[in-house]
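Report on the structure given below.
The values are calculated or read from the model by the stated rules, or taken from the named source; none is laboratory data. Quantities reported herein were computed from a predicted structural model and do not represent experimental measurements. Please note: Cβ atoms are built from the backbone with ideal geometry, for glycine as well, and neighbour counts cover all protein chains shown. For the accessible areas, the whole protein counts, side chains as well, though only heavy atoms, and no ligand, DNA or RNA atoms are used. Shrake-Rupley method; radii C 1.70, N 1.55, O 1.52, S 1.80 Å.
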Amino acid sequence: RGLAAPPALAAEAPPARVWVPAGCRGAQGRFAYKLLHDLFANYSSALRPVEDTDWVLNVTLQVTLSQIIDMDERNQVLTSYLWVRQAWLDAHLTWDKDAYDGIDSIRIPSSYVWRPDIILYNNADDHFGGSMETNVVLRSDGHIMWDSPAITKSSCKVDVSYFPFDGQRCRLTFGSWTYNGNQIDLRNQLDTGDLTDFVENVEWEVLGMPARRNVVTYGCCSEPYPDVTYTLLLRRRASFYIFNLLLPCIMVSFLAPLGFYLPADSGEKVSLGVTVLLALTVFQLLVAESMPPSESVPLIGKYYIATMTMITASTALTIFIMNVHHCGPGARPVPPWARRLILHHMARLCCVYEVGESCKSPQRAPGRRVGREDAGVVGESPGEGEVGAEVGGCPRDRCLCHHDGLLRNVGYIAGCFRRHRAAQRWTGEWKKVAKVMDRFFMWVFFLMVFLMSVLVLGKAA
(Lines give C-alpha, C1' and ligand atoms only; values in the text may rest on other atoms or scores of the structure.)
Protein backbone atom coordinates (compact mmCIF):
# COMPACT_ATOMS: atom_id res chain seq x y z
CA ARG A 1 0.00 0.00 0.00
CA GLY A 2 1.33 3.43 -0.92
CA LEU A 3 1.69 6.33 1.50
CA ALA A 4 -0.15 9.53 0.59
CA ALA A 5 1.70 12.83 0.79
CA PRO A 6 0.67 15.33 3.50
CA PRO A 7 -1.87 17.92 2.35
CA ALA A 8 0.58 20.81 2.82
CA LEU A 9 3.21 19.23 0.62
CA ALA A 10 0.64 18.23 -1.96
CA ALA A 11 -0.51 21.81 -2.27
CA GLU A 12 3.00 23.10 -2.88
CA ALA A 13 3.92 20.86 -5.82
CA PRO A 14 1.83 18.45 -7.92
CA PRO A 15 2.77 14.77 -7.60
CA ALA A 16 5.19 13.63 -10.29
CA ARG A 17 4.10 10.85 -12.63
CA VAL A 18 6.61 8.04 -12.62
CA TRP A 19 6.79 6.04 -15.84
CA VAL A 20 7.35 2.30 -15.39
CA PRO A 21 8.52 0.28 -18.40
CA ALA A 22 6.16 -2.41 -19.62
CA GLY A 23 8.59 -5.15 -18.83
CA CYS A 24 8.86 -4.04 -15.21
CA ARG A 25 5.13 -4.31 -14.47
CA GLY A 26 4.06 -7.19 -12.24
CA ALA A 27 2.93 -10.26 -14.10
CA GLN A 28 0.27 -10.94 -11.45
CA GLY A 29 -1.36 -7.60 -12.14
CA ARG A 30 -1.57 -8.19 -15.91
CA PHE A 31 -2.96 -11.67 -15.43
CA ALA A 32 -5.47 -10.38 -12.85
CA TYR A 33 -6.85 -7.88 -15.36
CA LYS A 34 -7.02 -10.57 -18.01
CA LEU A 35 -8.71 -12.98 -15.57
CA LEU A 36 -11.31 -10.37 -14.60
CA HIS A 37 -12.03 -9.64 -18.26
CA ASP A 38 -12.32 -13.32 -19.18
CA LEU A 39 -14.56 -14.23 -16.23
CA PHE A 40 -17.14 -11.48 -16.68
CA ALA A 41 -17.16 -11.30 -20.48
CA ASN A 42 -20.38 -13.32 -20.75
CA TYR A 43 -21.43 -13.38 -17.07
CA SER A 44 -24.78 -12.21 -15.69
CA SER A 45 -25.28 -11.55 -11.99
CA ALA A 46 -29.06 -11.81 -12.32
CA LEU A 47 -29.30 -15.61 -12.65
CA ARG A 48 -28.66 -18.31 -10.09
CA PRO A 49 -25.15 -19.69 -10.82
CA VAL A 50 -25.84 -23.40 -11.35
CA GLU A 51 -25.12 -25.61 -14.35
CA ASP A 52 -28.64 -27.06 -14.27
CA THR A 53 -31.60 -24.98 -13.17
CA ASP A 54 -33.04 -27.99 -11.34
CA TRP A 55 -30.03 -28.26 -9.09
CA VAL A 56 -30.04 -26.86 -5.53
CA LEU A 57 -27.45 -24.25 -4.64
CA ASN A 58 -25.94 -24.72 -1.17
CA VAL A 59 -25.40 -21.52 0.81
CA THR A 60 -23.72 -21.56 4.24
CA LEU A 61 -24.26 -18.78 6.76
CA GLN A 62 -22.21 -17.76 9.77
CA VAL A 63 -23.00 -14.77 12.03
CA THR A 64 -20.50 -13.08 14.36
CA LEU A 65 -21.89 -10.87 17.11
CA SER A 66 -19.66 -7.85 17.51
CA GLN A 67 -21.66 -5.55 19.77
CA ILE A 68 -25.09 -5.03 21.35
CA ILE A 69 -25.82 -1.39 20.65
CA ASP A 70 -29.17 -1.01 22.37
CA MET A 71 -32.07 -2.96 23.84
CA ASP A 72 -35.28 -0.96 23.73
CA GLU A 73 -37.57 -2.80 26.14
CA ARG A 74 -40.48 -0.43 25.65
CA ASN A 75 -40.55 -0.86 21.84
CA GLN A 76 -39.12 -4.41 22.02
CA VAL A 77 -36.33 -3.76 19.51
CA LEU A 78 -32.76 -5.09 19.71
CA THR A 79 -30.06 -3.13 17.89
CA SER A 80 -26.90 -5.15 17.27
CA TYR A 81 -23.76 -4.98 15.17
CA LEU A 82 -23.18 -8.22 13.23
CA TRP A 83 -20.64 -9.65 10.82
CA VAL A 84 -22.48 -11.84 8.34
CA ARG A 85 -20.48 -14.38 6.32
CA GLN A 86 -22.08 -16.14 3.35
CA ALA A 87 -20.39 -18.77 1.18
CA TRP A 88 -21.60 -20.53 -1.97
CA LEU A 89 -20.31 -22.08 -5.21
CA ASP A 90 -20.61 -20.17 -8.48
CA ALA A 91 -20.31 -22.67 -11.35
CA HIS A 92 -19.70 -19.92 -13.93
CA LEU A 93 -16.71 -18.32 -12.18
CA THR A 94 -14.02 -21.00 -12.29
CA TRP A 95 -10.59 -20.87 -13.92
CA ASP A 96 -7.34 -22.74 -14.23
CA LYS A 97 -4.95 -20.95 -11.94
CA ASP A 98 -1.93 -22.24 -13.89
CA ALA A 99 -3.16 -20.39 -16.97
CA TYR A 100 -3.16 -17.11 -15.03
CA ASP A 101 0.25 -17.21 -13.41
CA GLY A 102 -0.98 -19.18 -10.36
CA ILE A 103 -3.67 -16.72 -9.27
CA ASP A 104 -5.85 -18.69 -6.87
CA SER A 105 -8.19 -15.95 -5.56
CA ILE A 106 -9.20 -12.41 -6.33
CA ARG A 107 -11.15 -9.69 -4.48
CA ILE A 108 -13.84 -8.04 -6.51
CA PRO A 109 -16.89 -5.87 -5.70
CA SER A 110 -19.85 -7.90 -4.55
CA SER A 111 -22.08 -6.22 -7.13
CA TYR A 112 -20.18 -8.04 -9.91
CA VAL A 113 -21.39 -11.50 -8.88
CA TRP A 114 -24.70 -13.11 -8.10
CA ARG A 115 -25.60 -12.90 -4.40
CA PRO A 116 -28.27 -14.77 -2.46
CA ASP A 117 -31.03 -12.53 -1.14
CA ILE A 118 -30.51 -13.53 2.49
CA ILE A 119 -32.27 -11.04 4.75
CA LEU A 120 -33.22 -10.76 8.40
CA TYR A 121 -36.85 -11.89 8.63
CA ASN A 122 -37.65 -10.14 11.93
CA ASN A 123 -36.16 -6.83 10.86
CA ALA A 124 -37.61 -3.82 12.74
CA ASP A 125 -35.67 -1.03 11.03
CA ASP A 126 -37.63 1.85 9.52
CA HIS A 127 -35.30 2.15 6.54
CA PHE A 128 -34.75 -1.60 6.19
CA GLY A 129 -31.03 -1.22 5.57
CA GLY A 130 -29.15 -4.29 4.38
CA SER A 131 -25.53 -5.30 4.56
CA MET A 132 -22.66 -3.07 3.52
CA GLU A 133 -21.44 -3.37 -0.07
CA THR A 134 -18.08 -5.01 0.57
CA ASN A 135 -15.86 -7.09 -1.70
CA VAL A 136 -16.20 -10.82 -2.14
CA VAL A 137 -13.36 -13.35 -2.22
CA LEU A 138 -13.56 -15.44 -5.41
CA ARG A 139 -11.48 -18.63 -5.59
CA SER A 140 -10.42 -20.54 -8.67
CA ASP A 141 -12.77 -23.45 -7.94
CA GLY A 142 -15.78 -21.07 -7.95
CA HIS A 143 -16.22 -20.76 -4.19
CA ILE A 144 -17.31 -17.28 -3.16
CA MET A 145 -17.06 -15.91 0.38
CA TRP A 146 -18.83 -12.67 1.23
CA ASP A 147 -18.16 -11.01 4.60
CA SER A 148 -20.28 -7.94 5.28
CA PRO A 149 -20.89 -5.97 8.47
CA ALA A 150 -24.43 -4.89 9.27
CA ILE A 151 -26.22 -2.91 11.99
CA THR A 152 -29.54 -4.65 12.45
CA LYS A 153 -32.68 -3.78 14.36
CA SER A 154 -34.63 -6.92 15.15
CA SER A 155 -37.89 -7.40 16.98
CA CYS A 156 -37.48 -9.19 20.30
CA LYS A 157 -40.27 -10.30 22.62
CA VAL A 158 -39.26 -8.84 25.96
CA ASP A 159 -40.47 -10.49 29.16
CA VAL A 160 -40.00 -8.13 32.11
CA SER A 161 -41.71 -10.25 34.74
CA TYR A 162 -38.48 -10.53 36.76
CA PHE A 163 -37.07 -7.06 36.05
CA PRO A 164 -34.35 -6.12 37.02
CA PHE A 165 -33.28 -9.77 37.45
CA ASP A 166 -34.59 -10.86 34.06
CA GLY A 167 -33.10 -12.64 31.07
CA GLN A 168 -34.15 -12.31 27.44
CA ARG A 169 -34.11 -14.61 24.41
CA CYS A 170 -33.83 -12.59 21.20
CA ARG A 171 -34.02 -14.44 17.88
CA LEU A 172 -32.30 -13.44 14.65
CA THR A 173 -33.84 -15.35 11.75
CA PHE A 174 -32.06 -15.25 8.38
CA GLY A 175 -33.45 -16.67 5.16
CA SER A 176 -33.94 -16.12 1.45
CA TRP A 177 -36.85 -13.91 0.49
CA THR A 178 -37.59 -15.29 -3.00
CA TYR A 179 -35.71 -18.58 -3.37
CA ASN A 180 -37.35 -21.65 -1.85
CA GLY A 181 -35.66 -24.75 -0.50
CA ASN A 182 -35.61 -26.39 -3.93
CA GLN A 183 -33.44 -23.57 -5.26
CA ILE A 184 -31.28 -22.53 -2.28
CA ASP A 185 -30.44 -24.81 0.60
CA LEU A 186 -29.47 -22.48 3.46
CA ARG A 187 -27.43 -24.04 6.26
CA ASN A 188 -25.54 -22.77 9.26
CA GLN A 189 -21.79 -23.26 9.21
CA LEU A 190 -21.50 -23.74 13.00
CA ASP A 191 -23.94 -24.73 15.72
CA THR A 192 -23.51 -21.40 17.46
CA GLY A 193 -22.79 -17.79 16.66
CA ASP A 194 -19.26 -16.51 16.88
CA LEU A 195 -18.63 -14.49 20.08
CA THR A 196 -14.82 -14.27 19.98
CA ASP A 197 -14.84 -10.60 18.92
CA PHE A 198 -17.78 -9.54 21.08
CA VAL A 199 -17.47 -6.21 22.87
CA GLU A 200 -18.86 -6.49 26.41
CA ASN A 201 -22.06 -4.58 27.06
CA VAL A 202 -22.51 -2.60 30.28
CA GLU A 203 -26.15 -3.63 30.73
CA TRP A 204 -26.43 -7.11 29.21
CA GLU A 205 -24.38 -10.24 29.61
CA VAL A 206 -24.37 -12.67 26.68
CA LEU A 207 -24.74 -16.28 27.81
CA GLY A 208 -24.69 -17.88 24.36
CA MET A 209 -25.90 -17.72 20.78
CA PRO A 210 -27.02 -21.15 19.57
CA ALA A 211 -27.98 -21.60 15.91
CA ARG A 212 -30.71 -23.82 14.48
CA ARG A 213 -31.84 -24.57 10.94
CA ASN A 214 -35.60 -24.60 10.32
CA VAL A 215 -37.66 -25.55 7.27
CA VAL A 216 -40.98 -23.70 7.20
CA THR A 217 -43.88 -24.02 4.75
CA TYR A 218 -45.83 -20.77 4.62
CA GLY A 219 -49.48 -20.41 3.76
CA CYS A 220 -48.78 -18.52 0.56
CA CYS A 221 -46.60 -21.17 -1.03
CA SER A 222 -46.32 -24.93 -1.11
CA GLU A 223 -42.53 -25.01 -1.34
CA PRO A 224 -40.42 -25.23 1.83
CA TYR A 225 -38.35 -22.24 2.86
CA PRO A 226 -35.27 -22.98 5.01
CA ASP A 227 -33.96 -20.42 7.47
CA VAL A 228 -31.27 -20.20 10.14
CA THR A 229 -32.29 -18.84 13.55
CA TYR A 230 -29.72 -17.55 16.02
CA THR A 231 -31.06 -17.27 19.58
CA LEU A 232 -29.25 -14.62 21.58
CA LEU A 233 -29.36 -15.48 25.29
CA LEU A 234 -29.07 -12.34 27.39
CA ARG A 235 -29.03 -11.69 31.12
CA ARG A 236 -29.39 -8.22 32.58
CA ARG A 237 -26.68 -6.83 34.83
CA ALA A 238 -28.82 -5.80 37.80
CA SER A 239 -26.27 -3.80 39.82
CA PHE A 240 -27.36 -0.45 38.39
CA TYR A 241 -31.04 -1.08 39.13
CA ILE A 242 -30.33 -2.50 42.60
CA PHE A 243 -28.47 0.62 43.72
CA ASN A 244 -30.75 3.14 41.98
CA LEU A 245 -34.23 1.63 42.24
CA LEU A 246 -34.40 -1.30 44.65
CA LEU A 247 -32.27 -0.17 47.61
CA PRO A 248 -33.87 3.32 47.81
CA CYS A 249 -37.29 1.66 47.80
CA ILE A 250 -36.30 -0.71 50.61
CA MET A 251 -34.86 2.11 52.72
CA VAL A 252 -37.91 4.31 52.18
CA SER A 253 -40.16 1.36 53.03
CA PHE A 254 -38.43 0.92 56.39
CA LEU A 255 -39.22 4.57 57.17
CA ALA A 256 -42.96 3.96 56.97
CA PRO A 257 -43.31 1.88 60.19
CA LEU A 258 -41.38 4.55 62.10
CA GLY A 259 -44.46 6.76 61.75
CA PHE A 260 -46.02 4.66 64.51
CA TYR A 261 -43.09 5.52 66.79
CA LEU A 262 -43.62 9.27 66.52
CA PRO A 263 -45.49 10.84 69.44
CA ALA A 264 -49.11 11.54 68.63
CA ASP A 265 -48.79 15.17 69.78
CA SER A 266 -46.02 15.92 67.27
CA GLY A 267 -48.42 16.27 64.34
CA GLU A 268 -46.04 14.59 61.86
CA LYS A 269 -47.34 11.02 61.89
CA VAL A 270 -49.62 11.35 58.87
CA SER A 271 -47.18 13.66 57.05
CA LEU A 272 -44.44 11.02 57.19
CA GLY A 273 -46.70 8.35 55.67
CA VAL A 274 -47.85 10.65 52.86
CA THR A 275 -44.25 11.70 52.09
CA VAL A 276 -43.09 8.08 51.86
CA LEU A 277 -46.06 7.25 49.62
CA LEU A 278 -45.19 10.10 47.25
CA ALA A 279 -41.53 8.99 47.09
CA LEU A 280 -42.53 5.44 46.13
CA THR A 281 -44.89 6.84 43.49
CA VAL A 282 -41.95 8.64 41.86
CA PHE A 283 -39.92 5.41 41.76
CA GLN A 284 -42.90 3.55 40.32
CA LEU A 285 -43.21 6.11 37.51
CA LEU A 286 -39.50 5.73 36.69
CA VAL A 287 -39.93 1.99 36.27
CA ALA A 288 -43.14 2.38 34.25
CA GLU A 289 -41.46 4.73 31.74
CA SER A 290 -38.89 2.15 30.68
CA MET A 291 -41.12 -0.94 30.69
CA PRO A 292 -43.40 -2.00 27.82
CA PRO A 293 -47.13 -1.47 28.47
CA SER A 294 -47.93 -5.15 28.83
CA GLU A 295 -50.00 -7.23 31.21
CA SER A 296 -46.94 -8.72 32.93
CA VAL A 297 -45.99 -6.51 35.88
CA PRO A 298 -42.25 -6.42 36.69
CA LEU A 299 -41.06 -7.92 39.94
CA ILE A 300 -39.88 -4.56 41.21
CA GLY A 301 -43.24 -3.07 40.21
CA LYS A 302 -45.03 -5.68 42.32
CA TYR A 303 -42.76 -4.79 45.21
CA TYR A 304 -43.59 -1.10 44.79
CA ILE A 305 -47.33 -1.79 44.66
CA ALA A 306 -47.19 -4.02 47.76
CA THR A 307 -45.16 -1.43 49.66
CA MET A 308 -47.48 1.41 48.64
CA THR A 309 -50.48 -0.66 49.75
CA MET A 310 -48.79 -1.31 53.09
CA ILE A 311 -47.99 2.38 53.56
CA THR A 312 -51.57 3.35 52.69
CA ALA A 313 -52.82 0.90 55.33
CA SER A 314 -50.33 2.23 57.88
CA THR A 315 -51.45 5.81 57.22
CA ALA A 316 -55.10 4.83 57.67
CA LEU A 317 -54.24 3.03 60.93
CA THR A 318 -52.28 6.07 62.11
CA ILE A 319 -55.35 8.26 61.61
CA PHE A 320 -57.46 5.80 63.58
CA ILE A 321 -54.90 5.59 66.42
CA MET A 322 -54.63 9.37 66.61
CA ASN A 323 -58.41 9.52 66.99
CA VAL A 324 -58.13 7.07 69.89
CA HIS A 325 -55.30 9.10 71.43
CA HIS A 326 -57.23 12.36 71.38
CA CYS A 327 -60.35 11.04 73.10
CA GLY A 328 -61.74 13.95 75.14
CA PRO A 329 -63.20 14.06 78.62
CA GLY A 330 -66.53 12.85 77.27
CA ALA A 331 -65.07 9.50 76.17
CA ARG A 332 -66.41 6.26 77.56
CA PRO A 333 -64.27 4.07 79.79
CA VAL A 334 -62.01 1.49 78.16
CA PRO A 335 -63.97 -1.77 77.70
CA PRO A 336 -62.93 -4.69 79.90
CA TRP A 337 -61.78 -6.79 76.93
CA ALA A 338 -59.55 -3.92 75.76
CA ARG A 339 -58.10 -3.62 79.26
CA ARG A 340 -57.16 -7.28 79.34
CA LEU A 341 -55.97 -7.58 75.73
CA ILE A 342 -54.31 -4.23 75.08
CA LEU A 343 -53.36 -2.72 78.43
CA HIS A 344 -52.22 -5.99 79.95
CA HIS A 345 -51.02 -8.56 77.38
CA MET A 346 -50.07 -6.36 74.39
CA ALA A 347 -48.46 -3.70 76.60
CA ARG A 348 -46.23 -6.34 78.18
CA LEU A 349 -45.46 -7.84 74.75
CA CYS A 350 -44.50 -4.48 73.23
CA CYS A 351 -42.72 -3.23 76.39
CA VAL A 352 -44.96 -0.20 76.77
CA TYR A 353 -44.73 1.01 80.36
CA GLU A 354 -45.31 4.18 82.32
CA VAL A 355 -42.70 6.33 84.05
CA GLY A 356 -41.01 4.38 86.82
CA GLU A 357 -42.01 0.98 85.40
CA SER A 358 -40.19 -1.40 83.12
CA CYS A 359 -41.31 -4.16 80.84
CA LYS A 360 -39.97 -6.74 83.30
CA SER A 361 -41.57 -5.36 86.49
CA PRO A 362 -44.94 -6.78 87.57
CA GLN A 363 -47.76 -4.53 86.44
CA ARG A 364 -50.76 -3.59 88.44
CA ALA A 365 -54.16 -4.67 87.38
CA PRO A 366 -55.41 -2.54 84.50
CA GLY A 367 -57.56 0.36 85.50
CA ARG A 368 -56.69 0.05 89.25
CA ARG A 369 -55.02 2.83 91.26
CA VAL A 370 -53.61 2.36 94.75
CA GLY A 371 -52.42 4.85 97.29
CA ARG A 372 -53.67 8.09 98.60
CA GLU A 373 -54.23 9.61 95.15
CA ASP A 374 -56.50 6.79 94.02
CA ALA A 375 -58.40 6.92 97.24
CA GLY A 376 -59.29 10.46 96.39
CA VAL A 377 -60.50 9.36 92.94
CA VAL A 378 -62.76 6.52 93.86
CA GLY A 379 -63.66 7.58 97.38
CA GLU A 380 -64.69 10.82 98.95
CA SER A 381 -62.72 14.01 98.78
CA PRO A 382 -60.51 15.04 101.69
CA GLY A 383 -62.77 17.90 102.56
CA GLU A 384 -65.79 15.65 102.62
CA GLY A 385 -64.07 13.19 104.98
CA GLU A 386 -63.15 15.92 107.37
CA VAL A 387 -66.68 17.21 107.38
CA GLY A 388 -67.94 13.73 108.17
CA ALA A 389 -65.53 13.52 111.09
CA GLU A 390 -66.72 16.79 112.44
CA VAL A 391 -70.31 15.69 112.03
CA GLY A 392 -69.66 12.60 114.04
CA GLY A 393 -67.68 14.44 116.75
CA CYS A 394 -69.38 17.75 117.27
CA PRO A 395 -72.62 18.40 119.15
CA ARG A 396 -75.65 18.79 117.00
CA ASP A 397 -76.68 22.12 118.42
CA ARG A 398 -73.23 23.86 118.02
CA CYS A 399 -72.16 22.92 114.36
CA LEU A 400 -73.37 24.47 111.11
CA CYS A 401 -72.49 21.34 109.12
CA HIS A 402 -75.98 20.05 109.50
CA HIS A 403 -77.45 22.66 107.27
CA ASP A 404 -78.83 21.02 104.14
CA GLY A 405 -77.60 23.72 101.74
CA LEU A 406 -74.01 23.40 102.88
CA LEU A 407 -74.11 19.65 102.58
CA ARG A 408 -75.48 19.82 99.04
CA ASN A 409 -72.74 22.23 97.97
CA VAL A 410 -70.01 20.12 99.43
CA GLY A 411 -71.49 17.01 97.79
CA TYR A 412 -71.62 18.82 94.42
CA ILE A 413 -67.99 19.89 94.68
CA ALA A 414 -66.92 16.38 95.64
CA GLY A 415 -68.90 14.89 92.71
CA CYS A 416 -67.28 17.28 90.23
CA PHE A 417 -63.88 16.41 91.59
CA ARG A 418 -64.59 12.69 91.28
CA ARG A 419 -65.90 13.09 87.71
CA HIS A 420 -62.87 15.16 86.76
CA ARG A 421 -60.46 12.57 88.12
CA ALA A 422 -62.40 9.77 86.41
CA ALA A 423 -62.28 11.61 83.07
CA GLN A 424 -58.54 12.11 83.50
CA ARG A 425 -58.11 8.42 84.25
CA TRP A 426 -60.16 7.41 81.18
CA THR A 427 -58.24 9.84 78.94
CA GLY A 428 -54.93 8.45 80.21
CA GLU A 429 -56.11 4.90 79.57
CA TRP A 430 -57.14 5.73 76.00
CA LYS A 431 -53.76 7.38 75.39
CA LYS A 432 -52.03 4.27 76.66
CA VAL A 433 -54.25 2.14 74.40
CA ALA A 434 -53.15 4.29 71.43
CA LYS A 435 -49.49 4.01 72.44
CA VAL A 436 -49.69 0.22 72.74
CA MET A 437 -51.40 -0.04 69.34
CA ASP A 438 -48.71 2.21 67.82
CA ARG A 439 -45.91 -0.01 69.06
CA PHE A 440 -47.71 -3.19 68.04
CA PHE A 441 -48.37 -2.04 64.47
CA MET A 442 -44.84 -0.67 64.20
CA TRP A 443 -43.35 -4.14 64.76
CA VAL A 444 -45.99 -5.76 62.54
CA PHE A 445 -45.16 -3.45 59.62
CA PHE A 446 -41.42 -3.81 60.17
CA LEU A 447 -41.90 -7.57 59.86
CA MET A 448 -44.01 -7.13 56.69
CA VAL A 449 -41.38 -4.94 55.01
CA PHE A 450 -38.64 -7.43 55.88
CA LEU A 451 -40.63 -10.39 54.58
CA MET A 452 -41.52 -8.59 51.34
CA SER A 453 -37.87 -7.70 50.72
CA VAL A 454 -36.77 -11.29 51.37
CA LEU A 455 -39.49 -12.65 49.08
CA VAL A 456 -38.53 -10.30 46.24
CA LEU A 457 -34.83 -11.13 46.47
CA GLY A 458 -35.56 -14.84 46.87
CA LYS A 459 -37.86 -14.91 43.86
CA ALA A 460 -35.29 -13.05 41.81
CA ALA A 461 -32.64 -15.59 42.77
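Loop-located chymotrypsin sites (Phe, Trp or Tyr not before Pro) across region 144-204 with a Cβ neighbour count of 15 or fewer within 10 Å are W177, with loop assigned by DSSP.
The share of accessible area on region 29-236 that comes from carbon and sulfur is 49 percent, using a 1.4 angstrom probe. Just check region 225-293 against the gyration tensor rule for me: Cα atoms, a ≥ b ≥ c as the square roots of the eigenvalues, rounded for a/c under 1.5, and otherwise prolate or oblate depending on whether a/b exceeds b/c. The shape class here is prolate. In a simple Cβ point-charge model (Lys, Arg +1; Asp, Glu -1; nothing else charged), region 29-236 has a dipole of about 180 debye relative to its Cα centre.
Just to verify a number: FRET efficiency for L285 and D104, C-beta to C-beta distance, R0 = 60 Å, to 0.05? So the FRET efficiency works out to roughly 0.40.
Restricting region 133-176 to trypsin sites (Lys or Arg not before Pro) that sit in a DSSP loop and have at most 14 other Cβ atoms within 10 Å of their own Cβ leaves K157.
How much length, in nm to one decimal, is gained on full extension between L255 and H37, taken as 0.36 nm per residue of separation minus their Cα-Cα distance?
70.3 nm
Ranked by solvent-accessible area (1.4 Å probe, protein heavy atoms only, all chains present), the residues K302, K269 order from largest to smallest as K302, K269.
Taking other residues whose beta carbon is less than 12 angstrom from the beta carbon of L89, and scoring Lys, Arg as +1 and Asp, Glu as -1, yields -2.
Modelled label positions at A306 and T217, each set 7 Å beyond Cα in the direction of Cβ, lie 5.0 nm from each other.
For GluC sites (Glu not before Pro), the sites in region 255-315 that DSSP calls loop and that have at most 15 other Cβ atoms within 10 Å are E268, E295. Give the lysines reachable from K435 as a straight Cα distance under 25 Å; neighbours fewer than 8 places away on the same chain don't count. Cα-Cα hits under 25 Å: K269, K360. Other residues whose C-beta falls under 12 angstrom from the C-beta of D70 contribute a net charge of -1, scoring Lys and Arg +1 and Asp and Glu -1. Computed with a 1.4 Å probe over protein heavy atoms only, the accessible area of R421 comes to about 50 Å². Treating r as the C-beta distance of N135 and W83 and R0 as 22 Å, the FRET efficiency rounds to 0.95. Summary value for region 29-236: 24 percent relative contact order, contacts being C-alpha pairs under 8 angstrom separated by 6+ residues. The figure for D101 is an accessible area of roughly 70 square angstrom, using a 1.4 Å probe on the protein chains alone. Taking K459 as the anchor, which lysines have their alpha carbon closer than 20 Å to its alpha carbon, excluding any fewer than eight residues away along the same chain? Those lysines meeting the cut-off are K302. Fully extending the segment from R74 to A150, taken as 0.36 nm per residue of separation minus the present Cα-Cα distance, adds 25.0 nm. Calculated accessible area for region 29-236 comes out at 53 Å² per residue, all protein chains present (probe 1.4 Å; ligands, DNA, RNA ignored). One chain, two ends: L190 and L233. Fully extended at 0.36 nm per residue, the span grows by 13.8 nm beyond their Cα-Cα distance.
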